[in-house]
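First up is the structure itself, then whatever we jot down about it.
Nothing in this text is a laboratory measurement; each read-out follows from the coordinates by a stated rule. This is a predicted model, so every value here is computed, not measured. Counting neighbours? That spans all protein chains shown, and the Cβs are built from the backbone with ideal geometry, glycine included.
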């Protein structure tokens, strides 16, 4: 029996074709598998991890700011931002009923928002901690309750310029907040791990938790009692003398520690966004002014220290003097005849100090001015400090006449803190101290005590003592309204014209007084500046009595007994 | 011979031919193995359950800690607000207190003087840069300005 072929030629061909096609498909599939499993393994693993792994950055708590006694001046609180996903919320009416008690939105507004069908709607940005936690406890699916830090200042506008503020992104601006922003911020933490489709961490999965590191707590040199006092007195002075503003600096001349620093008008850092941006800068460190006659202290210091003049030396005041082609007059346009150096200070004679400057010569005069720190930053630990403006013979814009005008504080621009630090050098035996405002920094690792820093010996200790005695005597001779009964004190008034385009304003002035006490052992220095007083333009009638009111209370607050008691105790 | 054996694949026949009869040693070994596997499984499930519970508990406690810290911060803030000097002053005036205007000190013989609150708290750092480049700079006038001055003086015939 002839064995017949099970398949014909055409059937074989079809079978081979099918086998070839299937082999090709298999090869392609295997090739793809190799590509996915071997060649692009890492990419797919990363992709898969991306789907399941989640990382949450945990913001650190910003450090507190406290005064020298530990009282809280700035801290962080939690508030909540509430938003909703209307598509997920099952019962908008019931949810609105629940939320209406805790948000500043009416029930109808909430129903409208929750029924809008939008994927996401913001409900309220800043909800108090108590209300936010109440909403959190409702546990409504579709509601997002996000905690956010908010910087708060429990004393309101107290020391606003000095503290600065923190914006909604957590960045500090101005003052201590701006200068120490990195130290206050701390380091963010991290929570990473596998998450379930509901967004919860899978306990058995891989996870990582790095706790956040809180920012450093800063203890300031500021005494909030002193700060409160000078802010009150400054506001009273601006109101009483119908001025446009003012500023006060109180520092310890022995260390440069700032005990209080006020500027008016100010703002409330809790609501900084509602204030004019022009109010943010601290006038004591950021704004410059022509110091006027207070600067005579420093010209006199230079003259005494160089030996060009002596304390008992005399000059002839004919009422005017020409320096560099410019005629300089006294404030009263009068000549005072032969006067000694103490009289030059007591009567605040422009002609007298101009003669001192001429005697010094331009190089020596400006060397001393620089020794007192003018024309450059004091390097105080506050943001946005300005260097002032000092023209020296090296500058093209300097003119010979500047030597005369600069000697009594005209044509030179300084910051109030520069003046306070420079006069502080006279009070501190000639040592110029760097002003500072943070005395202790405490973080998780360290507790750093900030030490006072000597900038340089601006004048000798003998000169400083001689000048102090002259300033005490000058206040006595002038019968100054700055004097505090029972205390021997040194100081000088200033009445500076205000520069305007083309010259100086005919009537408006900056009235000031810088003084320190007790003269034999200076413990506190106060600089008062009244901006454009209108009841009287003179520093002796506005800034000097303000100084006295402040000093009278400061000596009680800082436990400085009157001279007779204090010296008897010694 | 064996080629003549007909093997029926009916379940009844298959069951009958499976060697069920184990000796006691093998049976004990099998039971122990099963017990071990069960124990390991039970331990894993128990541990996984415990880890999960603990993990959720840790999360809850961490949230609770945050919550307590936040409440603590809020209370500290409230205390600070109540201690604010502006509020204390208002409260003191409302209670009839008056600012002190007449302070009198008495000196007690032999009583040591109390240190002042503004005395040097720390020793000052050593003096550095007593004359630095900034200060010295003014003593070397700009060369170009000096030349200009000289020319101006020459023109003026001095």
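List of remarks:
- Ordered by the number of other Cβ atoms lying within 10 Å of each residue's own Cβ, fewest first, A:341, B:77 fall into the sequence B:77, A:341.
- Computed over region A:104-166, the P(r) tail beyond 20 angstrom holds 45 percent of alpha carbon pairs.
- Seen against the Cα atoms of chain A and their longest principal axis, helix A:350-360 is set at about 80 degrees.
- Using C-alpha pairs under 8 Å with a sequence gap of at least 6, the mean separation divided by the residue count of region A:36-177 gives a relative contact order of 26 percent.
- Only helices enter the 222 nm calculation for chain A: every DSSP H run of n ≥ 4 contributes -39,500 (n - 2.57), and dividing by all residues gives -10500 deg cm²/dmol, rounded to 500.
- Sorted peptide list for A:359-371, A:82-94, criterion being average Cβ within 10 angstrom, highest first: A:359-371, A:82-94
- Gap separating the Cα centres of region A:444-494 and region A:212-283, nearest whole Å: 22
- Residues B:67, A:505 arranged by fewest to most Cβ contacts within 10 Å: A:505, B:67
- Acute angle (nearest 10 degrees) that the helix A:461-478 long axis makes with the longest principal axis of chain A, alpha-carbon atoms: 70
- Once the Cα atoms are used to define both axes, helix A:543-557 deviates from the longest principal axis of chain A by about 70 degrees.
- Each of A:149, A:247, B:49, A:276 was scored by other Cβ atoms within 10 Å of its Cβ. Arranged with the fewest first, they read A:276, B:49, A:149, A:247.
- Across peptide A:449-456, the average count of Cβ atoms from other chains found within 10 Å of a residue's Cβ is 5.
- Between residue A:27 and residue A:565, the modelled label-to-label distance comes to 10.7 nm, taking each label 7 Å out from Cα in the direction of the beta carbon.
- Under the Debye formula (equal points on every Cα, no solvent term), log10 I(q)/I(0) of the protein assembly as shown at q = 0.06, 0.07, 0.08, 0.09 Å⁻¹: -0.55, -0.67, -0.79, -0.92
- Relative contact order, percent, region A:456-570 [alpha-carbon distance under 8 Å, six or more residues apart]: 24
- Mean Cα-pair separation over length for chain A, i.e. relative contact order, pairs under 8 Å, 6 or more apart, %: 14
- Each residue, residue B:33 and residue A:77, gets one label point 7 Å from its Cα in the Cβ direction; the gap between the two is 7.0 nm.
- Secondary structure note: in chain A, about 95% of the DSSP beta bridges are antiparallel.
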